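K.L.:
Provided herewith is a single structure, encoded as structure tokens, for subsequent inquiry.
Only the coordinates and a few stated rules stand behind these numbers; no lab work does. What you are looking at is a predicted structure, and each value in this text was computed from that prediction instead of being measured. Cβ: placed from backbone, ideal geometry, glycine included. Neighbour counts: every protein chain shown.
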Amino acid sequence: MSRRIALSVTAGVVVLGGAGAFALAYAGEQPPALAHSSARYVAPDGDRDGSFTFTTDVTASSGVKSLKVLAWPANSAFAEQELTAKDMAAAESATCESAGKDTVRCTYTTEVAGAEAESSPHGPWHVAVLAAAEDGTTTLDTEAAVFTVR
């Protein structure tokens, strides 16, 4: 009887070990995850420039390689034909700093001049982001945040 128990235990360990190895391999291939994304737009006022700031947390088990950010008006061509990773290639990069084991907090900030704000479409805007992990996986979120230009 003890031989059968030993054989059953050994078979169970092999099955659980295989399942654990599969779970670890699968977990290593997960694309970057975005959380707590927010956008803030401050309009220019008189001689003072305005600003646009986007912040998000990015988690990737292999590490975060980059985060590209692109703000686009809701009534633009991107609303009709979705943005792609290729469209994001020329987008500007955010600055990322460690915020935990596998997480970084990324921030993108730019000044907005009065003339630039006047010539920009007013109304809702979306923020698209492309997060790239060190293992080559990516996440594209074409509407990571929304803000309004008035």
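K.L.:
For the range 92-120, what are the residues that are free of Cβ contacts under 8 Å to residues at least 24 places away in the same chain and basic (Lys, Arg)?
P.N.:
LYS101
K.L.:
Next question, about the same structure. State all residues of the range 118-137 that are under 20 Å from PHE78 (Cα atoms) and either crowded, with 18+ Cβ neighbours inside 10 Å or in contact with a Leu (Cβ under 9 Å, 6 or more places away or on another chain) (or both); if no residue qualifies, say none.
P.N.:
Here is the first cut: in the range 118-137, the residues under 20 Å from PHE78 (Cα atoms) are 119-131.
TRP125, HIS126, VAL127, ALA128, VAL129, LEU130, ALA131, listed by residue number.
K.L.:
Output the residue which, of all residues in the range 74-115 that are surrounded by fewer than 14 Cβ atoms within 10 Å (Cβ to Cβ) and touching an Asp or Glu at 6+ places or on another chain (Cβ under 9 Å), is nearest to LEU140 (Cα to Cα).
P.N.:
Residue satisfying both the conditions and the ranking: GLY100.
K.L.:
Right, another one. Quick check on THR53: is it of a type in the set (S, T, N, Q) and surrounded by 12 or more Cβ atoms within 10 Å (Cβ to Cβ)? Write out each step before concluding.
P.N.:
Values: of a type in the set (S, T, N, Q): yes; surrounded by 12 or more Cβ atoms within 10 Å (Cβ to Cβ): yes.
Considered against the rule, which asks whether it is of a type in the set (S, T, N, Q) and surrounded by 12 or more Cβ atoms within 10 Å (Cβ to Cβ), THR53 comes out as yes.
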